[in-house]
Amino acid sequence: MDDKITITLTRRKLTEILIGLVALFFASGAVAAVLKYLWPQIQAKGESVEVRIASVDEVPTGSAKNFVFNGKAAVLLHMPAGFKAFGSVCTHLGCIASWKSDESVIVCPCHLGKYDPNTGAVISGPPPSPLPAIDIAVREGAVYALTWKDPNYVKSISFYAGAA
Ligand code: FES
């Protein structure tokens, strides 16, 4: 009795298999990137997430700088009373709000929701709640984002606003 198994491959079939393996390799990378985009890593409880946002000189009084914090869009504002930072994902339907210097407000372009740049509170429009505040620190000439003031914020929006 013969224990050998013989598989016969044509050159064409072998080429198809190799092309399929290469395609699978690239497709798996694309799928991993999409999954990482949809479910960004969430800060573990107590984990330090300190991020350098900008040098103090980079954001003069009355101006702002957009940045990303824990995978979410955020904005650093330099108000006369000092630096403030908020998540900039609108609490209405998730558009990205931004600083409007001529009105001194944070504005969401989608339905014109407006937020107070000192507190993040809603001034007008449909947003149901304030922008989430970020604790910051200013040291050695730079501004750092430390953590969300509300530790449940990232979990509450990660389901629908992964694109921040
Ligand atoms: S999504 Fe921002 S006001 Fe509607």
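Each Cα pair under 8 Å and six or more residues apart adds its separation to the average, and for the range 51-157 the resulting relative contact order is 24 percent. Counting other Cβ atoms within 10 Å as a rough exposure proxy, the listed residues H92, H78, H111 run H111, H92, H78 from fewest neighbours to most.
For the range 45-91, averaging the sequence separation of C-alpha pairs within contact (under 8 Å, six or more residues apart) and dividing by the residue count gives a relative contact order of 27 percent.
The fewest-to-most ranking of D57, D102, D116 by surrounding Cβ atoms within 10 Å reads D102, D57, D116. Within the range 51-157, the ratio Rg/Rh, alpha carbon atoms throughout and Rh by Kirkwood, equals 0.94. Going from the fewest other Cβ atoms within 10 Å to the most, the residues V138, V51, V89 appear in the order V138, V51, V89. Rounded to whole numbers, the Karplus 3J(HN,Hα) couplings from phi for the range 11-19 are 4, 5, 5, 4, 4, 4, 5, 5, 5 Hz, using 6.51 cos²θ - 1.76 cosθ + 1.60 with θ = phi - 60°, and x at Gly and Pro.
No value in this document is a laboratory result; all are computed from the given coordinates. What you see is a predicted model; the values in this text were computed from it and never measured. Every residue, glycine among them, receives a Cβ derived from its backbone with ideal geometry; neighbour counts consider all protein chains shown.
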